[in-house]
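Below you will find the structure I want to go over with you.
The values are calculated or read from the model by the stated rules, or taken from the named source; none is laboratory data. Source: prediction; values computed, not measured. Heads up, the Cβs are rebuilt from the backbone with ideal geometry, glycines too, and the neighbour counts pull from every protein chain shown. Heads up: the accessible areas ignore ligands, DNA and RNA and are worked out on the full protein's heavy atoms, side chains in. Shrake-Rupley method; radii C 1.70, N 1.55, O 1.52, S 1.80 Å.
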2 protein chains.
Amino acid sequence: MKIPPHVSIVGATGAVGKEFLEILEERNFPMRSLRLLSSPRSAGSELLFRGEKHVVEALTETSFQGVDLAFFSAGGAISKQYAPIAADGGTIVVDNSSAFRQTDGIPLIIPEVNPEALDEVRQGKKPGAIIANPNCSTIVLLVAVTPLHREATVTRMVVSTYQAASGAGAKALEELTEQSRQVLAGESPSPVVFNEPCAFNVFSHDSKIGEEGYNIEEMKMVWETRKIWNNPDIGISATCVRVPVKRAHTESVTLELERPLSPERAREILGDAPGVQVIDDPKENRFPTPLAASHGDDVLVGRIRKDLSHKSGLCLLLSGDQLRKGAALNAVQIAELFL
Amino acid sequence: MKIPPHVSIVGATGAVGKEFLEILEERNFPMRSLRLLSSPRSAGSELLFRGEKHVVEALTETSFQGVDLAFFSAGGAISKQYAPIAADGGTIVVDNSSAFRQTDGIPLIIPEVNPEALDEVRQGKKPGAIIANPNCSTIVLLVAVTPLHREATVTRMVVSTYQAASGAGAKALEELTEQSRQVLAGESPSPVVFNEPCAFNVFSHDSKIGEEGYNIEEMKMVWETRKIWNNPDIGISATCVRVPVKRAHTESVTLELERPLSPERAREILGDAPGVQVIDDPKENRFPTPLAASHGDDVLVGRIRKDLSHKSGLCLLLSGDQLRKGAALNAVQIAELFL
C-alpha cells in the first residue's frame, strides 16, 4: 500500500468507528487523507479528527477510489457487499465484521499472535486484500494465552466470559444505563435490545444458538482460535455471559497444557508479553477488572494459579477493552504491519 | 428433638436472619415458641413473625435453656463460642457459618443431596448436636449437579461463578446500590465494603487468598463438595467472581463424567430432581438468570449441552438464590428432617 496511505473508515459514526478515530489520533497513524463513510442515514454529520471537522459521506461502490486502506466496522452485510469491491480496486481492507473470518485465504490476524499469516498478502502481487479482525472475546483471550501456549502447548481451554453491554453496541449500553436508573427508582425495566433485563442481572450471551446448544459468540471463540493458532484440534469449551458492565470483557480461563507450567514461570512469560499487563496481587486481592481494563490497550491478566484438578492445568482471570484491543486497536495494529 | 420444638434464631436481625423468619413463616414450620437472639447492639429491636411482634434478646450462655432447635447465622466466631454450649444443653443447632463445616463428626448437609449423613445424629443418644449448613455456592452447585453425578459419576468440575453483592451482607448490597447511583450521576464511587468498585464492575471474590492462589470461597467449594459427596478425589477448579447483581449466584459449570450423558437425558434427570427447575430454551434464548432465581426456592439450570472439548463432558449454567436455598432455606430444610 502507498505510504502514507489515503485512509477510510466505514461505519465511522458507530461505537467502534469512534474508537477508530481516537486510536488513529493517539497513535499518530500516518495518513495522507481520511474519508469517513456511513449509511445514508448518518451521512452529513461531522466528526472531529486531529482538530479538524470531517463530514461523513454516504457509502457507495465508488467510495474507495484512491483509498489505500479502509477499516470496516458496519456489520457483516456491509462488509460482504463493499469489502470485495474495495479490495478489487486495490484497497487494503481491515474488516471488523465476522463476514470473512472463516474464509480460506483471508488472514485472521492478532498482531501479537500470528503476524506471519499476513506475509502472503504483503508479498502478493495485488495491492488490495481483505484482512479479518477476530471477534473481541477471541482477541482478549489469545493475546494472553498465546505466550503460554508457545511455552507449554495448550491442548484444551475452558472459558467463561463476563461480557460488557457495549459489546452489543451503543444502544445496548444506553439500555444498561437507563435500566439501572429505573431499578434504582423502583421501576421495572422493559428490555428492548436484550432479551432479558440487563441491569443488576447476568444472562447467557444474546447471540443465536446453534444445533449443538452453543451460541455464535462461543463458536467464534472455537473457530477463530483454531484458525489463528492453525490448530484444528484445540479443544475449547466456552460459556459466554453478559454482565452489567459498561465496557471491557472479563474471562475466567482454565488451561490444560502439554507440559506443566508453574504460575511463577507463567507470570514471567506474561510479564514480557506484548499487549499484556500482569495484575496479580493475592495479598491485596488486586486482580484484573473491566473497570481497570477500560480505555487501556493491554489485556490485564491475574489469578495465575495451578489448577487443583489437573496435573498440568493453569487458571487465569483476564480483562480487556473489547472496543479497543477487541476491535479498533487490533485493526489499527494490523494496518501498522503494512507501514 | 421435642415436636413441635422451641425454636431460636441467632443473628435474627441480619440479612440471613430475616430470610429465616420469612421462610419459617412461609413453610408453616411447627413450633411452640420462637426466641430471637442477636448481639447486644441489636437487642431490644422488634421483628414481626406470624403477625406478632418479637423482641430481640441479647445472646448469652443461658439463651438456649429450653430451646430444642437453634438456627445460627451470626458469623463463625459466635458459632464457635455458643453452638457447643447449645448442643451440650440438648439443642439441635443448624449452623450457617463455616465454623464446623470441616469438623469430623459434624454432618454437612444438603437435604436433596446427603440426608443420610444425618442418620447418626438422629439415632444418637444425646438430644443435642451441631449440623453444618454448607456455603451458598456449594449448595447451589450440588443441588443441580448431584442428580447428574448419581447417573454418570462426576470426576472433575470446572466452575466459574457470578456472585451477587448481597452474599457479602446487607452493607455490601447497599454499597452496590449507592455506587450505581453515584456512577449514573457521573461521580466516582469510593469502595468501603469491597476492595474494588462494585457498580458496573466485576472482580475476583473478596475472600482471603491462600498459598495456592485460591480464595476461601473457591476452597470451600472444593472442601465441602468432597465432604458432602464423601469423595476426597473429586477434582474441582473454581474461580469465584463478584458481579453487580443484588441477589442470587450464577455458576458456569463444566463437568467431566465417567460415562457420557446426553443433554436430553440430563434434562430428563434434572426435570425430576427435587429443588431444581430446568429453564433451557435455546430457540428463545431463555436460560437461568439471577433475577429469575431471586426469591425462589429452586436452583435454575439451563444451557445444558455437550462439552465440545471433552468426550464425556457436559456444560451447564445455573442460578440460585444464595440467601434462600444457599443459606436460610437449606437450614430450615435440614431442621425439617428432624420433624
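Within a Cβ distance under 12 Å of A:Val55, other residues only, what is the Lys/Arg minus Asp/Glu net charge?
-1
Summarise the partner chain shielding of A:153-160 as one whole number: the mean count of Cβ atoms from other chains within 10 Å of each residue's Cβ.
Across the residues of A:153-160, the mean count of other-chain Cβ atoms within 10 Å is 5.
In terms of modelled amide H atoms, which long-range or inter-chain residues lie less than 5 Å from the amide H of A:Leu34?
A:Val7
In percent, how large is the relative contact order of segment A:33-191, given Cα pairs closer than 8 Å and 6 or more residues apart?
In percent, rounded to a whole number, it is 14.
If I model a spin label at B:Lys283 and B:Thr155 as a point 7 Å from the Cα along the Cα→Cβ vector, what separation in nanometres do I get?
3.7 nm
Something else about it: May I ask for the net charge around A:Lys80, where only other residues with Cβ less than 14 Å from the Cβ of A:Lys80 are counted and Lys, Arg are +1 while Asp, Glu are -1?
-2
Amide H neighbours of A:Thr155 under 5 Å, at least 5 residues apart or on other chains, H built in the peptide plane: list them.
Result for A:Thr155 returns A:Glu256, A:Leu257, A:Glu258.
Under a point-charge model restricted to the Cβ atoms of Lys and Arg (+1) and Asp and Glu (-1), what is the dipole moment magnitude of segment B:166-232 relative to its Cα centre, in debye to the nearest 20?
Its charge dipole is roughly 240 debye.
Residue-wise, which Karplus ³J(HN,Hα) couplings in Hz belong to segment A:148-155, taking 6.51 cos²θ - 1.76 cosθ + 1.60, θ = phi - 60°, and x for glycine or proline?
Coupling constants for segment A:148-155: 6, 4, 5, 7, 10, 6, 6, 9 Hz.
How much of the accessible area of segment B:265-339, probe 1.4 Å, is carbon plus sulfur, in whole percent?
After summing per-atom areas, the C and S share lands at 50 percent.
Using only Cα atoms, tell me the angle between helix B:76-88 and the longest principal axis of chain B; keep it within 0 to 90° and round to the nearest 10.
60 degrees
What do you get for the angle between helix B:216-228 and the principal long axis of chain B? Use alpha-carbon atoms, 0 to 90 degrees, nearest ten.
In chain B, helix B:216-228 runs at an angle near 80 degrees to the longest axis.
Within chain B, what's the longest run with no GluC sites (Glu not before Pro) in a DSSP loop and at most 12 other beta-carbon atoms within 10 Å? Give the range, please.
B:62-186
Follow-up question, since we're still on this one. Based on DSSP, what percent of beta bridges with both residues in the protein assembly as shown are antiparallel, to the nearest 5?
For the protein assembly as shown, the DSSP antiparallel bridge percentage is about 50.
Measuring from a point 7 Å out along Cα→Cβ, what nm distances, shortest first, does A:Glu61 have to its partners in the other copies?
Counterpart label points of A:Glu61 in the remaining copies fall at 9.4 nm.
Moving on. Could you derive backbone 3J(HN,Hα) for segment B:54-70 from the dihedral phi with the Karplus parameters 6.51, -1.76 and 1.60 (θ = phi - 60°), listing whole Hz in sequence and x where the residue is Gly or Pro?
Coupling constants for segment B:54-70: 10, 7, 7, 9, 6, 5, 9, 5, 9, 4, 9, 5, x, 8, 8, 9, 10 Hz.
Find the relative contact order for chain B and round it to a whole percent, using C-alpha pairs within less than 8 Å whose residues are 6+ positions apart.
With pairs under 8 Å counted, the relative contact order is 18 percent.
Can you check what the net charge comes to around A:Pro191, using other residues whose Cβ is under 11 Å from the Cβ of A:Pro191 (Lys, Arg +1; Asp, Glu -1)?
-4
How big is the B/A interface in buried accessible area, both sides summed, 1.4 Å probe, to the nearest 100 Å²?
5200 Å²
Right, here's the next one. Select from segment B:125-210 those trypsin sites (Lys or Arg not before Pro) which occupy a DSSP coil region and have at most 15 other Cβ atoms within 10 Å, ordered by residue number.
B:Lys125, B:Lys208
In degrees between 0 and 90, to the nearest 10, how far off the longest principal axis of chain B does helix B:170-184 point, with axes built from Cα atoms?
In chain B, helix B:170-184 runs at an angle near 50 degrees to the longest axis.
Just grab the label-to-label distance for A:Thr103 and A:Asp233, each label 7 Å out from Cα along the Cβ direction, in nm (one decimal).
Between A:Thr103 and A:Asp233, the simple spin-label model gives 3.1 nm.
Continuing with this model, one more query. A 32 angstrom limit on the alpha carbon distance is what I want to check against. Which of A:Lys2/A:Lys171; B:Lys2/B:Lys227; A:Lys306/B:Lys283 exceed it?
Checking Cα-Cα distances, A:Lys2/A:Lys171; A:Lys306/B:Lys283 exceed 32 Å.
Tell me the trypsin sites (Lys or Arg not before Pro) within segment B:44-84 that lie in a loop according to DSSP and have at most 12 other beta-carbon atoms within 10 Å.
Of the trypsin sites (Lys or Arg not before Pro), the ones in loops of segment B:44-84 whose Cβ has at most 12 other Cβ atoms within 10 Å are B:Arg50.
Still on this model: How many nm is it between the label spots at B:Leu184 and B:Glu46, if each spot is 7 Å from the Cα in line with the beta carbon?
3.4 nm
Using amide H atoms built in the peptide plane, which far-off residues or other-chain residues are under 5 Å from A:Ile109 H to H?
Residues meeting the criterion, in which the H sits 1.01 Å from N, are A:Ala132.
Next up: Show that you can apply the helix-only estimate: for chain A, add -39,500 (n - 2.57) for every DSSP H stretch of four or more residues, divide by all residues, and state [θ] at 222 nm to the nearest 500.
Only helices count here, giving -8500 deg cm²/dmol.
Once phi is turned into ³J(HN,Hα) by the Karplus curve 6.51 cos²θ - 1.76 cosθ + 1.60 with θ = phi - 60°, what whole-Hz value does each residue of segment B:96-111 show in order, with x for glycine and proline?
8, 7, 8, 3, 10, 4, 9, 6, 4, x, 9, x, 10, 10, 10, x
Work out the mean other chain Cβ neighbour count within 10 Å for the residues of A:235-247 and drop it here as an integer.
6
Using alpha carbons only, how many angstrom separate the centre of segment A:242-311 from the centre of segment B:126-189?
Answer, in whole Å: 22.
Kindly state, to the nearest 0.05, the FRET efficiency for B:Glu211 paired with B:Ala170, given R0 = 25 Å and r defined as their beta-carbon distance.
0.20
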